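> Quick one: the structure is below, and I'll ask about it shortly.
None of the figures in this text is laboratory data; all of them are computed from the coordinates on show. Worth saying up front: this structure is predicted, and the values here are computed from it rather than measured. Cβ placement follows ideal geometry from the backbone for every residue including glycine, while neighbour counts extend to all protein chains displayed.
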Amino acid sequence: MESPKHYSSQKIQPIEYMKECLSSEEFKGYLKGNIIKYISRAEKKNGNEDYQKAATFSKWLEEFTTTGEITV
């Protein structure tokens, strides 16, 4: 999923800043919480867009758990 334009003009993506500010466990919890949020609301709000967002957070969680990094 592409970053929204309102994020791309910033020097650092908010998700990257969060990764730097939070402990590993806090950051993983943040990612897990967003997966749950987007999956839970998809049928009532944004459908496939929310499933795509959940997939993005899931990819980041897998990457971070494996490498300690994320690809934005």
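> Give me the extension gain from residue 40 to residue 28: residue separation times 0.36 nm, minus the current Cα-Cα distance, reported in nm with one decimal.
Full extension from residue 40 to residue 28 adds 2.5 nm.
> Which longest run of the chain has no exposed loop site in it, a site being trypsin sites (Lys or Arg not before Pro) in a DSSP loop with at most 13 other beta carbons within 10 Å, and the site itself not part of the run? Don't skip to the answer; put the middle values down first.
Numbers: sites that count: 11, 44, 45.
Answer from the scan: 12-43.
> Fully extended, how many nm does the chain gain between residue 18 and residue 64 (0.36 nm per residue separation, minus their Cα-Cα distance)?
Values: separation 46, 0.36 × 46 = 16.56 nm, distance 1.26 nm.
Extra length available between residue 18 and residue 64 comes to 15.3 nm.
> How much mean residue ellipticity at 222 nm does the chain get from its helices, if each DSSP H run of length 4 or more adds -39500 (n - 2.57) and you divide by all residues, to the nearest 500 deg cm²/dmol?
Working: 4 runs with 50 residues, N = 72.
Value at 222 nm, helices only: -22000 deg cm²/dmol.
> Follow-up question, since we're still on this one. So, in region 23-72, how many Lys pairs have Cα atoms under 15 Å apart, if the pair is 8 or more places apart or on different chains? Walk me through the numbers before you get to the answer.
Working: 28/37; 28/59; 32/53; 32/59; 37/45; 37/53; 44/53; 45/53.
Counting lysine pairs in region 23-72 gives 8.
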